[in-house]
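All remarks here apply to the structure that follows.
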Amino acid sequence: MSKEFGRGATILKSGNSCEFYTGDWKVQYPDHLKDKCKNCMMCVPYCPEDCIKQKDGILDKIDLDYCKGCGICANVCPFNAIEMKHKDE
Ligand code: SF4
Ligand code: SF4
């Protein structure tokens with residue numbers, strides 16, 4: 001089923017893209033496996049949406065409100081600590 005979208009390209013004030021939670025576009029999502037994660041932060045700069053958050057040298061969370069489910073983070077993780085799952089899983 002397709003989603004109804006309003007008119008695009010409406011920038012009423014700077015930085016208003018934060019108000020659009022585009023994470024529901026995705027069909028798969030990254031599952032962070034904390035037991036395998038070595039906190040190397042390799043995944044952080046590769047995320048095109050800047051939604052992998054670190055705190056005090058630890059991977060804190062993946063912000064699924066903005067994640068598009070591209071899978072880049074899972075591909076670059078050298079420890080297989082991110083697994084892509086279907087959104088219905
Ligand atoms: S690349 Fe993998 S091991 Fe490194 S911080 Fe990200 S999830 Fe953890
Ligand atoms: S799946 Fe893509 S958008 Fe989502 S956290 Fe990973 S790299 Fe970022």
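Summary table below
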read-out	value
Some residue of region 7-14 being touching a helix residue (DSSP H, G or I) at 6+ places or on another chain (Cβ under 9 Å), within 24 Å of H86 (Cα to Cα) and hydroxyl-bearing (S, T, Y)	no
Output for region 25-73, where each listed residue is of a type in the set (G, A, S) and free of Cβ contacts under 8 Å to residues at least 24 places away in the same chain	G57
Candidate set: region 24-40, residues that are within 14 Å of the chain's Cα centre (by Cα) and not basic (K, R); chosen: the one nearest to ligand 1 (Cβ to nearest atom)	H32
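Rule-based calculations on the coordinates, nothing more; no lab input. In this text the structure is predicted, and so the values were computed from the model without any measurement. All Cβ positions, glycine included, derive from the backbone under ideal geometry; neighbour counts span all protein chains shown.
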